[in-house]
Amino acid sequence: MKSTINQIIFSLATIAWGVVPVYLYKTGLIGEYLNRSFHLVALSGGLAMIVLGLFNLITSRRKVGCGHDHGPDHDHDHDHHDQSPVAAILLMIVPVLLCCGFTQHEYSAKALAWKGLYKNKNRTSRSLFSSSREPFTRELLEKTTPKSVEGNYLLQLTELYWSAGDEEIMKAYEGLPAELEGRLIGEDPGLNPKGNRKRLYRIIMTCCAADAQVLGLALEFEGPLPDLSDKTWVKVTGKVSYERVGKQDFAYLKVSNLESGTAPPAESRLSR
């Protein structure tokens with residue numbers, strides 16, 4: 001009876017762990033945790049765990065030997081090292097229930113800051129390109145970058161973020177009317193002496209949430225700050241500018257218009 005109860009509990013624990021990636025995949029939330037290239041792998045692993053758990057659950061009442069010959073005179077008083085079902089509940093089932101029940105499937109403000117929201121990963125070299133390439137100019141940018149109907153360049157936050165520190169690229173982007181999308185959050189007080197700034201950010205995920213980086217870009221407003229809650233998805237237009245803080249160059253946007261928008265699908269929110 002004890003062995004049967006143990007097997008049932010461990011089977012349920014295995015099923016519980018398998019249900020998590022399947023649920024995340026089904027709801028689309030898996031994009032918050034894994035790069036898209038790993039989605040099917042996680043789904044396959046979850047399904048395999050569910051099948052294994054169900055098999056063990058179905059066969060839990062089947063009587064089997066301990067796997068070795070006791071002999072006619074063996075008194076069978078040795079320990080078969082049964083695992084405690086309490087350990088399975090505390091270490092496998094309870095954590096899953098707590099994590100799935102209380103998570104909001106996104107980084108907290110502190111986690112975003114720790115991941116680099118207010119840091120600038122500045123380029124130290126003079127140029128991102130070799131000296132033999134075609135010069136990067138506003139004319140080249142004009143040919144390769146799409147525009148909105150209002151005439152704003154449709155830029156990715158990542159390309160503007162990484163432009164800081166490269167003199168040639170900064171010259172091409174300086175004063176550019178741009179349109180960006182991302183999530184809005186409050187600015188670091190140490191980088192906001194006039195109190196007229198917010199920050200736009202995107203998350204860059206190579207493998208999973210553990211290795212993700214957060215890239216942030218300051219937004220400077222002439223009037224009152226927008227009355228939007230943190231992490232709201234927005235579309236913002238304005239003029240690109242640069243500033244030097246300490247020994248590093250930072251890109252920022254002088255905002256002319258900002259409006260809230262709907263969040264894109266989870267798999268397209270990252271690495272853009």
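The values are calculated or read from the model by the stated rules, or taken from the named source; none is laboratory data. Note that the structure is predicted; figures quoted are calculated from it, not measured. Reconstructed Cβ throughout: ideal geometry from the backbone, glycine too, with neighbour counts over all protein chains shown.
Just to be sure before I move on: is Thr206 outside any strand (DSSP E or B) and closer than 18 Å to Gln156 by Cβ in the structure I sent?
So Thr206 passes the test.
From the list Gly175, Gly195, exactly one residue is within 15 Å of Val240 (Cβ to Cβ) and not in a helix (DSSP H, G or I). Which is it?
The conditions single out Gly175.
Could you list, in sequence order, the residues of region 138-197 that are of a type in the set (D, E, K, R) and under 26 Å from Asp227 (Cα atoms)?
Residues satisfying the conditions are Glu150, Glu179, Glu181, Arg183, Glu187, Asp188, Lys194, Arg197.
Lys147 - would you say it is modelled with pLDDT under 80, under 29 Å from the mean Cα position of the chain (by Cα), charged (D, E, K, R) and surrounded by 12 or more Cβ atoms within 10 Å (Cβ to Cβ)?
no
Within region 177-206, can you find the residues that are farther than 15 Å from Tyr118 by Cα and in contact with a Ser or Thr (Cβ under 9 Å, 6 or more places away or on another chain)?
Scanning region 177-206 gives Pro177, Ala178, Glu179, Leu180, Met205, Thr206.
In region 84-118, how many are of a type in the set (D, E, K, R) and surrounded by fewer than 16 Cβ atoms within 10 Å (Cβ to Cβ)?
Within region 84-118, residues that are of a type in the set (D, E, K, R) and surrounded by fewer than 16 Cβ atoms within 10 Å (Cβ to Cβ) number 2.
If the requirement is being surrounded by fewer than 21 Cβ atoms within 10 Å (Cβ to Cβ), among the acidic types (Asp, Glu) and at pLDDT 90 or above, which of these qualifies: Glu134, Glu179, Glu142?
Exactly one residue qualifies, and that residue is Glu179.
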